[in-house]
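**Student:** Submitted below is the structure of interest, expressed as structure tokens.
The values are calculated or read from the model by the stated rules, or taken from the named source; none is laboratory data. Owing to the predicted nature of the structure, the values given are computational and were not obtained by experimental measurement. Heads up, the Cβs are rebuilt from the backbone with ideal geometry, glycines too, and the neighbour counts pull from every protein chain shown.
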Amino acid sequence: MTQNNIDTDLSQEVCRLLKDYLSQVSQSGLTSLSIAVYQTHATNFVRWIHGEFIPGETLSKKQLKTLAAADQAR
């Protein structure tokens, strides 16, 4: 996977903004399916910025659990 060059401060700001966005989406009143779609796409975009996501690639369940744990640590 290609690692994108991103400044540490910028990376932290992107992660902070993602958390804010995810919170707003979850409180938006959208259907649960719509919330899941919005959150998944936003999270995947941030993962792409960090070189952790390739559009169109599928992950195993083990890889998904590892990425979820990494996202929680941010």
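**Student:** Name the residues in the range 8-63 that are surrounded by 10 or more Cβ atoms within 10 Å (Cβ to Cβ) and β-branched (Val, Ile, Thr), would you?
**Tutor:** If the condition is that a residue be surrounded by 10 or more Cβ atoms within 10 Å (Cβ to Cβ) and β-branched (Val, Ile, Thr), then 14, 25, 35, 37, 40, 43, 46, 49, 54 are the ones that fit.
**Student:** State whether one or more residues within the range 28-41 are modelled with pLDDT of 95 or more and of a type in the set (Phe, Trp, Tyr).
**Tutor:** There is at least one residue in the range 28-41 that is modelled with pLDDT of 95 or more and of a type in the set (Phe, Trp, Tyr).
**Student:** Shifting gears a bit: What tally of residues in the range 19-70 results from selecting those that are among the aromatic types (Phe, Trp, Tyr) and in contact with a Lys or Arg (Cβ under 8 Å, 6 or more places away or on another chain)?
**Tutor:** Within the range 19-70, residues that are among the aromatic types (Phe, Trp, Tyr) and in contact with a Lys or Arg (Cβ under 8 Å, 6 or more places away or on another chain) number 1.
**Student:** Just one of (1) more than 10 Å from the chain's Cα centre (by Cα); (2) at pLDDT below 90 trips up residue 24, so point out which.
**Tutor:** (2)
**Student:** Can you work out which of the residues in the range 12-28 that are among the hydroxyl-bearing types (Ser, Thr, Tyr) and part of a helix (DSSP H, G or I) is nearest to residue 41 (Cα to Cα)? Before the answer, list the steps.
**Tutor:** Let us first name the residues in the range 12-28 that are among the hydroxyl-bearing types (Ser, Thr, Tyr), namely 21, 23, 26, 28.
Pick out the ones that are also part of a helix (DSSP H, G or I) and you get 21, 23, 26.
Details: 21: 12, 23: 14, 26: 14 Å.
The qualifying residue nearest to residue 41 (Cα to Cα) is 21.
**Student:** Yes or no: the range 45-68 includes at least one residue that is touching a residue at least 24 places away in the same chain (Cβ under 8 Å), in a helix (DSSP H, G or I) and of a type in the set (S, T, N, Q).
**Tutor:** Within the range 45-68, not a single residue is touching a residue at least 24 places away in the same chain (Cβ under 8 Å), in a helix (DSSP H, G or I) and of a type in the set (S, T, N, Q).
**Student:** Right, another one. I'd like the full set of residues that are in contact (Cβ under 8 Å) with a residue 12 or more places away in the chain and not in a helix (DSSP H, G or I), limited to the range 29-44. Before the answer, list the steps.
**Tutor:** Taking the range 29-44 as the starting set, the residues that turn out to be in contact (Cβ under 8 Å) with a residue 12 or more places away in the chain are 38-39, 42-43.
Selection gives nothing.
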